[in-house]
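Okay, so here's the structure we're looking at.
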Amino acid sequence: MCDHCDCRELAPIGELSTEHERIGSLAALLRREVESGSPDRAAALSALQAALGPHLAKEEIGLFAQLEGRPGFAWYVEQLHGEHARARSSLLSPDAVQMSAPEVLAALDDLSEHIQTEEYDLFPASRLILDDLAWAKVAAAHDTANAHATR
Ligand SMILES: [Fe+2]
Ligand SMILES: [Fe+2]
């Protein structure tokens, strides 16, 4: 959690942070299942996928879309998109259940690092950079994503 500023007071950031907490718990569960060779690994993977897929899409149509046009942020947002693409080609891949234990653990490490970057760098930076109109657009994108997810 970002304790260095009051960025969680902004509703969309609070929402993404809450999702990060849930994804972090599901990732920790999957890690335990993989490390212990548990047969429940597929269920843990599928629970993580169900939370992670919509979360990535929400960030992309919300925060990323509002930030990428800001001076100096195109490259930064491109890196984050690249990290999402890596998650889609590993943990979210249709073949993810076939991944070896070391591959799953490496993908979970990447995901954890990505979430840290967002919590400690992206969120505080967004708070400084985005204006009220941009935040309203992020909130509207979240509403769209949430409506889509519950449909
Ligand atoms: Fe992300
Ligand atoms: Fe995220």
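Nothing in this text is a laboratory measurement; each read-out follows from the coordinates by a stated rule. Predicted, not measured: the structure shown is a model, and the values here were computed from it. So basically every Cβ, Gly included, is an ideal-geometry build from the backbone, and we count neighbours across all protein chains shown.
Other residues whose C-beta falls under 12 angstrom from the C-beta of residue 90 contribute a net charge of -3, scoring Lys and Arg +1 and Asp and Glu -1. Would you look at the GNM of the chain, springs on alpha carbons closer than 10 Å, and say which of 66, 98, 49 moves the most? It is 98.
Between residue 50 and residue 11, the modelled labels are 2.6 nm apart [label points 7 Å from Cα along Cα→Cβ]. With each label modelled as a point 7 angstrom along the Cα→C-beta vector, the residue 42-residue 113 pair spans 3.1 nm. Here the calculated FRET efficiency for residue 75 and residue 128, from their Cβ-Cβ distance with R0 = 22 Å, stands at 0.80, rounded to the nearest 0.05.
Taking other C-beta atoms within 10 angstrom as a stand-in for reagent exposure, 91, 30 fall in the order 91, 30, fewest first.
Ratio of Rg to Rh for the stretch 8-150, alpha carbon only, Kirkwood?
Values: Rg = 15.6 Å, Rh = 15.7 Å.
Radius of gyration over Kirkwood radius for the stretch 8-150 works out to 0.99.
Spin-label model, residue 120 to residue 32: label points 7 Å out along the Cα-to-beta-carbon direction sit 2.5 nm apart.
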